[in-house]
Amino acid sequence: KPVRPASLCAAIERALFSSKKTEAAPRKPQNGEEQTLAARIPWRILLVDDNAINQKVAARILQQLGYRPDLAANGREALAALDKQPYDLVFMDIMMPEMDGYEATRLIREREKTATSLPRPRTLIVAMTAHALPSDRERCLAAGMDDYLAKPIRPNDVRGIIEKWAAQRAATVSAPPASTQGSPAIASAPAVSESIASALEPPVELSRLIDLTDGNAESLRELLEMFYRQTEQQLDQIENAVRAGNADEVRRLAHSGKGASATLGMAPLAAVLLQLEQLGKSGALTGAEPLCATARREYQTIRDFLSAHPLLTGTPPLPTSP
């Protein structure tokens with residue numbers, strides 16, 4: 001005593017984190033079992049996402065499962081990667097520059113129909129997107145995708161997708177096309193709005209950051225530094241786009257920032273960016289400037305929280321936003 005807000009929040013986080021880790025701890029392999037999923041299901045995986053933070057987090061999850069995914073930042077890069085070698089599974093983001101996930105998937109399926117090489121199993125394509133409406137699922141199916149992961153993706157969701165489709169592939173040599181199988185199963189992953197439990201929640205779900213980095217201080221520091229740099233830049237760009245009246249640019253940037261924030265368990269900031277994204281979609285930016293100011297405050301709250309947290313005292317401080 002005297003109790004300070006940061007200290008109290010840190011104590012609560014430690015207590016909650018301890019119980020969560022106990023509940024969510026993965027089952028340890030028994031004698032004779034493979035140590036990684038990749039050892040049991042040795043697939044070649046391509047990860048396609050234009051958001052650097054989301055890409056890094058998804059790659060880290062796959063690495064935890066024993067995979068070494070190849071990376072692409074948009075649909076064109078994905079097609080180029082597939083030209084070089086076949087992949088068993090492609091995790092495909094939807095909203096990307098140059099070529100989005102829908103168009104890339106259509107072209108992949110067209111190539112498979114006209115391929116003259118030896119026949120091989122259909123490339124599995126799993127959509128990654130923050131949208132989970134029935135219309136979005138139908139559009140994924142229409143484009144030729146096989147399944148769907150709602151962002152922010154989690155290790156158990158990725159494992160479940162791989163195990164599910166490996167079992168189906170093992171059960172039948174020629175699975176029917178995705179368009180005849182009905183709606184794809186949606187892996188269990190909370191949407192941004194569901195993550196916002198109350199106005200009193202901490203600005204960061206620290207247990208998620210620890211899970212994503214296996215508690216490795218260096219990996220955690222690298223991820224946070226990337227988040228700080230990207231978010232600083234995006235907030236500047238959103239404010240400039242608001243001043244210029246460029247609604248589509250506001251939508252694009254806010255969507256990207258929202259995805260990264262949700263991926264890292266920063267629900268309050270993600271919620272504000274979602275509002276900015278919706279304003280951009282509407283084409284009317286009335287009220288956007290106050291939301292930009294709120295986003296700045298939420299971002300600074302995140303930095304203050306992390307810099308004061310006992311589990312992250314080794315994180316080097318970065319310059320504060322002007």
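The values are calculated or read from the model by the stated rules, or taken from the named source; none is laboratory data. Treat the numbers as computed from the prediction; the structure is a model and nothing was measured. Here Cβ is always computed from backbone atoms with ideal geometry, including for glycine, and neighbour counts include all displayed protein chains. Just the protein is used for accessible areas: all its heavy atoms, side chains included, with ligands, DNA and RNA removed. Shrake-Rupley method; radii C 1.70, N 1.55, O 1.52, S 1.80 Å.
Here are the numbers:
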| quantity | calculated |
| --- | --- |
| Members of LYS84/LYS113; LYS151/LYS281; LYS56/LYS113; LYS164/LYS258 lying beyond 27 Å, as alpha-carbon distances in this model show | LYS56/LYS113; LYS164/LYS258 |
| Surface share of carbon and sulfur [accessible, 1.4 angstrom probe, percent] for the stretch 43-83 | 39 percent |
| Between the stretch 264-312 and the stretch 219-253, the Cα center-to-center distance that results, in Å | 10 Å |
| Probe 1.4 Å - accessible area at TRP165, Å² to nearest ten | 20 Å² |
| Local net charge near ARG296, Cβ-Cβ under 14 Å (Lys/Arg +1, Asp/Glu -1) | -4 |
| Gyration tensor (alpha-carbon) shape descriptor, the stretch 193-293, a/c threshold 1.5 | prolate |
| Computed P(r) (all Cα pairs; the stretch 61-162; 10 Å bins; percent) | 14, 49, 33, 5 |
